1. Just one of the numbered conditions (1) modelled with pLDDT of 95 or more; (2) within 19 Å of Thr76 (Cα to Cα); (3) touching a strand residue (DSSP E or B) at 6+ places or on another chain (Cβ under 8 Å) is not true of Leu118; which one?
2. Determine the pairs where a residue that is under 21 Å from Ile170 (Cα atoms), located within segment 106-129, has a partner that is of a type in the set (Asp, Glu) with Cβ atoms under 9 Å apart, the partner being 6 or more residues away or on another chain.
3. If you check Ile41, Ile14, which single one turns out to be β-branched (Val, Ile, Thr) and surrounded by fewer than 18 Cβ atoms within 10 Å (Cβ to Cβ)?
4. Can you find even one residue in segment 43-63 that is more than 30 Å from Glu123 (Cα to Cα) and part of a helix (DSSP H, G or I)?
5. Of everything in segment 82-98, what is touching a Phe, Trp or Tyr at 6+ places or on another chain (Cβ under 9 Å) and at pLDDT 95 or above? Give them in sequence order.
6. When segment 154-194 is examined, which residues are found to be of a type outside the set (A, V, I, L, M, F, W, C), without any contact (Cβ under 8 Å) to a residue 12 or more places away in the chain and either part of a helix (DSSP H, G or I) or touching a Gly at 6+ places or on another chain (Cβ under 7 Å) (or both)?
7. If I ask for residues that are closer than 22 Å to Val120 by Cβ and either polar (S, T, N, Q) or touching a strand residue (DSSP E or B) at 6+ places or on another chain (Cβ under 8 Å) (or both), which ones from segment 159-181 would you list?
8. If the Cβ limit is 9 Å and pairs must be 6+ apart or interchain, which residue in segment 135-146 that is outside any loop (DSSP other than H, G, I, E, B) pairs with which residue that is basic (Lys, Arg)?
Amino acid sequence: MIIDGTEPHLQRDILETRMLPLLQRHRLYMALLVEALFSVISGDNPRIVAYKLEVFYKESMTTAEAMDLSPALIATAQIEHLRAVLQRGPWRELSHDEMRDFFVRAAIVGRREGFHGLAVLAEAAQDRLLSLALRLLGAVYRPDIEARPPSGGITPDAWLERVETEMGLIIEDTYHRYQMMVEGLAALHQGKAADDVEAVIRGVARKPVNEIRGGRM
């Protein structure tokens, strides 16, 4: 836009407008992740997990369609298959259906082998939130099942609190980096020297998540 001679105020408006859907999409991915893994912790049937996730991104579907798990999906519900999916590239680049299938497979593994075993996938997750959420699975205990908590154990509610706190920090980080980019481009557009551009970028204040449009939890 700078090269094309776009007016500075219009360039800023376009970039800031684009930030809203980016944040909303970011938020959707994270909300889907949390819903899925909390369902796994709770011991939900994988078909229920499938339904819960599809309502996030499909406007029209029947319950039967959402809960229909293909034999191929069930057959590939293995830790190694899940690890292979994560190692293909950033988790956020998966389609919604691929995310849904990943977590349905995780739910099947969790019911069959225990959800704690999913923690080994944290090292393969190329995503800050997913890595934390998976790693913490290894420490979760359910008070309704276990009489005494293990050393260092956390309840499902504590897991949820820590993961949602991290979600807020990620939204803040994402917004902050984007705003630094917007201000840096504006400074370049104005022909400022490198030192002045750096000063502008460093001067961008970080906003808390509850003040960020599109990023509210």
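The values are calculated or read from the model by the stated rules, or taken from the named source; none is laboratory data. Computed from a predicted model, the values in this text were never measured in an experiment. Don't worry about glycine lacking a Cβ; one is built from the backbone with ideal geometry, like all the others, and counts go over all protein chains shown.
1. (3)
2. Listed by first residue and then by second, the contacts come to Arg128/Glu166; Arg128/Asp173; Leu129/Glu166.
3. Ile14
4. Checking segment 43-63: at least one residue is more than 30 Å from Glu123 (Cα to Cα) and part of a helix (DSSP H, G or I).
5. Within segment 82-98, Leu82, Val85, Leu86 qualify.
6. Answer for segment 154-194, where residues must be of a type outside the set (A, V, I, L, M, F, W, C), without any contact (Cβ under 8 Å) to a residue 12 or more places away in the chain and either part of a helix (DSSP H, G or I) or touching a Gly at 6+ places or on another chain (Cβ under 7 Å) (or both): Asp157, Glu161, Thr165, Asp173, Arg177.
7. Step one: of segment 159-181, the residues closer than 22 Å to Val120 by Cβ are 159-160, 162-163, 166.
Selection gives Trp159, Arg162.
8. So the pair list comes out as Leu136/Arg162.
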